[in-house]
Amino acid sequence: MNLANSVLEGDRLSLARLLTLVENKTTDGRTALDALFAHTGKAHLIGVTGAPGTGKSSLVSQLALHFRKEGKRVAIVAVDPSSPFTGGAVLGDRVRMKDLSGDPGVFIRSMASRGSIGGLAQATAGVVQVFDAAGYEIIMIETVGAGQSEVDIAKLAHTTLVVEAPGLGDDIQAIKAGILEIADIIVINKADRPGIESTEKALKSMLELAHPTQRIFLHHGAPAPLPHPKSEEGEGMKESKSNTWFPPLQRTIAIEGKGISELAGHIAKHDEYLHRSGDWAIREQARLRSELDAALQSALMDQFLERLSEVHFHQIMDQVFARNLSPAEAVKALMDGNMAASRGSKLESHETSKTRRTK
Ligand SMILES: Nc1nc2c(ncn2[C@@H]2O[C@H](COP(=O)(O)OP(=O)(O)O)[C@@H](O)[C@H]2O)c(=O)[nH]1
Ligand SMILES: [Mg+2]
């Protein structure tokens, strides 16, 4: 039976099986992804990132409940590269997400952490594509905001929420400027906790510093007019009528479900903004372009290696070790050698590659 088709028909068991195949980067998974590709591009991908303990999982659960009330199907992808096993944190998340279990309109998937961080981002992208094709309108991706891997995963998202909370160390410097740069919406969770005022104040001033220069949308090459970033409490830093988006700040108390519908409102506004400004298409194209580049690079590398004579490669390497050839010269020699090989004896190199493959 065709796995891709049963996923399109809404079969949950097939969906779970395909997610595993895709996560493990199997050939069957790849084939199914190819078949599903034409059905993707509809979902709103929402990244949720921030330090451990800020309340990301609690927020994601609450948002999922909210979107379910709007009748939308919701997929949740939890990514935690810092934990080598699918234990602890993820299990806790699962328990907390119990309100959602049993709802056929919700699918929760934890990414097992294996292989390289780049590999994790790639596997996550595949899993997200499967959910998209399977008709999940909202896909939330929870990542621990710690470094480049999260930034890579955040690039997948149309809308990125950065979650902060008071009391996670008094030092506001701990809030990485880098993570604010990827924020479309800033959530200050645990608004029931002391220190909320100063956390919010610090975030506001960091945002005002960061934004005038960094997030101006260039419309036909000309800078968009700058809206005034400061206004009354609660009304500040929202999107203006122009093609510019200033990340709004939203307070929430995830454990009490407070601020959730306001947060969902900001998400809806960002969605609207992305379409109005043309940013949605720009983000989609940039993402597909980099996917294409990565696939092309690896295909070219495979093709190159297939034609490469191992003996020749080691000879060249030895020359580099002896510092007779620079790495750049070595590459040139290898490329020239391969070109000659493919020109001279296409048949023969085909034979060698065949034998090499069957080994
Ligand atoms: N006081 C308070 N605690 C919260 C709030 N949101 C989450 N928590 C608690 O903070 C802890 C970490 O939450 P979790 O959602 O797992 O955070 P994550 O690590 O960012 O996914 C849990 O014990 C939650 O119950 C909140 O708004 N207020
Ligand atoms: Mg979590």
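A short reminder: the numbers here are calculations on the coordinates, not readings from a lab. None of these values were measured; they are calculated from a predicted model. With ideal geometry, Cβ positions are generated from the backbone for all residues, glycine too; neighbour counts draw on all protein chains shown.
Its alpha carbons give the range 5-60 an Rg and a Dmax of 14.7, 39 Å. Given their separation in residues at 0.36 nm each and the Cα-Cα distance between them, residue 42 and residue 69 gain 7.8 nm when the chain is fully extended. Which whole-angstrom value gives the distance between the alpha carbon centres of the range 299-339 and the range 2-29? Cα centroid of the range 299-339 versus Cα centroid of the range 2-29: 39 Å apart. Amide H contacts of residue 140 (H built 1.01 Å from N, in plane; Pro and chain starts excluded): 46, 75, 76, 77 sit under 5 Å, all sequence-distant by 5 or more or on other chains.
List residues of the range 253-267, by number, whose backbone nitrogen lies under 11 Å from a label position 7 Å along Cα→C-beta of residue 192. Of the residues in the range 253-267, 253-258 have backbone N under 11 Å from the label point off residue 192.
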